[in-house]
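These notes concern the structure reproduced below.
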Amino acid sequence: MTPALNPTIKAMLAALGSDRTFVRGAGTRLYDHAGREYLDCWAQYGVLALGHNPPAVVAAVRDALTAGAPAFLQPYRAPHAEALAEELVRRAPPGLARCVFTNSGAETVEAAIKLTRVATGRTRVLSTEGAYHGSTYAAMAASGQPDYRDGFGPLPAGFDSVPYGDADALDARLARDGAEIAAFIVEPIQGRRGAHAPPPGYLARARAACTRHGVALVADEIQTGLGRTGTLFACEREAVAPDVLLVAKALGGGLFPLGACLASERLWTDDFALRHLSTFANNNLACLAGIVTLRELDALLPGLPDKAGRLNGTLVELAARHPATVRAVRAHGLLAAIELHPPPPGTGATLAALQQRGLYASAVAAAIAEREAVLVLPAVGEANILRFIPPLIMETSEIDRGVGAIDAVLARLERGDSALPG
Ligand code: PLP
């Protein structure tokens, strides 16, 4: 286990000032117990595409509750679940005709693995190095970030990975083992690792290779989907239609845990449909929130290129202003990462110790929160990455403020001021 995932991490982060309690959220803002307002540039890991308590979703759910609409209807038909499935299929890449709802991203990944194994009669699942697909057992086995797996074994059998973004390696592996592989699961952009995109053409080549070998292409769009990268689904950028498409995070409107595994007719079997069960699936109110969320996203999508351009531009400027501190910036739509150099030798024992414990980016994020009232997300296990994943409703002026806050703290660090709180 790496030091970054040591159980004492919570206490350490508390000491760094990251243990504040938030008591109110509205749009892009959170308010702590002392009434201080923060700009939320992490959107709860991307869940809050529409911000905190989005009025349209809140109103629809409130009206439904006032009217006495039931939330749980299993095993009967949940009207909003049926309607949301249709709305998703209508917006998804062609060929996706079926939908199973879930209560988290990881559960959505599990559904995809079960669905493709039972449909193909094959057992092996191929994923990519550096991937993150969730923390349940099969999702963990498909994830290529050892930080999240080590110590929890044994993991389920049948999982293997290829280098991310390397279409030749994928071709070669499928040529060798394709007849045994049920699914190739891949993120169009590796979000959790720090917004790493594959080379152009990778997804299209993955599509072709999977088709050649009868392997189901599973696009994990739990992070990249629902507008995060500028289009409703990141697959659209390469006009790729996967056999299975996974979404979660923003789908529940920031109010409900809700995921969806969309699948082609070819992969859908009664065997899967009748035996894949969850007491909490098809929550009628959560699905109502999902329907409203999709409509709100439809309205937001045309404005996203401007916001994405602004974020990318300001991050490129940030990197140019801080060459000694910023190693790289990456932005794909509103999914961005700022990779920091390790603190240079001689900048003090505290920073060196934080770096060694994998907490340097956490400390920088804590300083940004404390000094600038802006929330950015340190990538756990990746000591030097700050993630910037704002609500999609964020205005360009707020994006400027968020990046400006990072700029201010990095400048203090470079001047040798004690920028860290506590
Ligand atoms: N897949 C991807 C690409 C993710 O980024 C995540 C979470 O960040 C998951 C799956 C797991 O989702 P959850 O945390 O809802 O289980």
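The values are calculated or read from the model by the stated rules, or taken from the named source; none is laboratory data. All values reported here derive from a predicted model rather than from experimental measurement. For neighbour counting, all protein chains shown are included, and Cβ atoms are generated from backbone atoms with ideal geometry for every residue, glycine included. For accessibility, only protein heavy atoms count, side chains too; no ligands or nucleic acids. Shrake-Rupley method; radii C 1.70, N 1.55, O 1.52, S 1.80 Å.
Number of residues in the stretch 152-175 that are among the acidic types (Asp, Glu) and in contact with a helix residue (DSSP H, G or I) (Cβ under 7 Å, 6 or more places away or on another chain) equals 1.
Table: residues versus (1) within 16 Å of the ligand (Cβ to nearest atom); (2) β-branched (Val, Ile, Thr); (3) more than 21 Å from the chain's Cα centre (by Cα); (4) crowded, with 21+ Cβ neighbours inside 10 Å.
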residue: Tyr31; (1), (2), (3), (4): no, no, yes, no
residue: Ala34; (1), (2), (3), (4): no, no, yes, no
residue: Glu37; (1), (2), (3), (4): no, no, yes, no
residue: Tyr45; (1), (2), (3), (4): yes, no, no, no
residue: Ala49; (1), (2), (3), (4): yes, no, no, yes
residue: Asn53; (1), (2), (3), (4): no, no, no, no
residue: Val58; (1), (2), (3), (4): no, yes, yes, no
residue: Val61; (1), (2), (3), (4): no, yes, yes, no
residue: Ala64; (1), (2), (3), (4): no, no, yes, no
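Contact annotation: residue pairs with Cβ atoms under 9 Å, 6 or more positions apart or on different chains, pairing a residue in the stretch 92-109 that is touching a residue at least 40 places away in the same chain (Cβ under 8 Å) and among the acidic types (Asp, Glu) with a partner that is part of a strand (DSSP E or B) and within 15 Å of the ligand (Cβ to nearest atom), are Glu107/Gly259; Glu107/Cys261. Is one or more of the residues making up the stretch 288-301 touching a Phe, Trp or Tyr at 6+ places or on another chain (Cβ under 7 Å), crowded, with 20+ Cβ neighbours inside 10 Å and more than 24 Å from Asn384 (Cβ to Cβ)? For the stretch 288-301, residues touching a Phe, Trp or Tyr at 6+ places or on another chain (Cβ under 7 Å), crowded, with 20+ Cβ neighbours inside 10 Å and more than 24 Å from Asn384 (Cβ to Cβ): present. Of the strands (runs of 3 or more DSSP E) that lie entirely inside the stretch 154-264, those containing 1 or more residues that are more than 16 Å from the ligand (Cβ to nearest atom) and touching a His at 6+ places or on another chain (Cβ under 8 Å) span 181-186. Inspect the stretch 120-138 for any residue being in contact with an Asp or Glu (Cβ under 9 Å, 6 or more places away or on another chain) and under 22 Å from Gly253 (Cα atoms) and give the result as yes or no. Checking the stretch 120-138: at least one residue is in contact with an Asp or Glu (Cβ under 9 Å, 6 or more places away or on another chain) and under 22 Å from Gly253 (Cα atoms). Restricting attention to the stretch 105-134 and to residues that are acidic (Asp, Glu) and within 11 Å of the ligand (Cβ to nearest atom), the residue that is nearest to Ala379 (Cα to Cα) turns out to be Glu107.
Here the condition is being at pLDDT 95 or above, surrounded by fewer than 23 Cβ atoms within 10 Å (Cβ to Cβ) and of a type in the set (Lys, Arg); of Arg117, Arg77, it holds for Arg117 alone.
Restricting attention to the stretch 268-280, does a residue exist that is among the charged types (D, E, K, R) and under 30 Å from Ala336 (Cα atoms)? Checked against the condition, which is being among the charged types (D, E, K, R) and under 30 Å from Ala336 (Cα atoms), the stretch 268-280 yields no hits at all. Exactly one residue out of Ile338, Ile368 is open to solvent by less than 10 Å² (accessible area, probe 1.4 Å), touching a strand residue (DSSP E or B) at 6+ places or on another chain (Cβ under 6 Å) and touching a residue at least 60 places away in the same chain (Cβ under 8 Å): that is Ile338.
Let's see how each residue does on (1) assigned by TED's automatic domain parsing to the domain that holds Ala319; (2) on the phi < 0 side of the Ramachandran plot; (3) not polar (S, T, N, Q):
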position: Glu370; (1), (2), (3): yes, yes, yes
position: Ala373; (1), (2), (3): yes, no, yes
position: Phe388; (1), (2), (3): yes, yes, yes
position: Thr396; (1), (2), (3): yes, yes, no
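Restricting attention to the stretch 341-364 and to residues that are of a type in the set (A, V, I, L, M, F, W, C) and open to solvent by 50 Å² or more (accessible area, probe 1.4 Å), the residue that is farthest from the chain's Cα centre (by Cα) turns out to be Ala349.
Residues in the stretch 208-219 that are in contact (Cβ under 8 Å) with a residue 60 or more places away in the chain and open to solvent by less than 10 Å² (accessible area, probe 1.4 Å) were compared, and the one that is farthest from the chain's Cα centre (by Cα) is Val215.
The number of residues in the stretch 315-329 being surrounded by 19 or more Cβ atoms within 10 Å (Cβ to Cβ) and under 22 Å from the mean Cα position of the chain (by Cα) comes to 2. Being touching an Asp or Glu at 6+ places or on another chain (Cβ under 6 Å), crowded, with 16+ Cβ neighbours inside 10 Å and over 30 Å from Ala67 (Cβ atoms) is a property that holds for Phe233.
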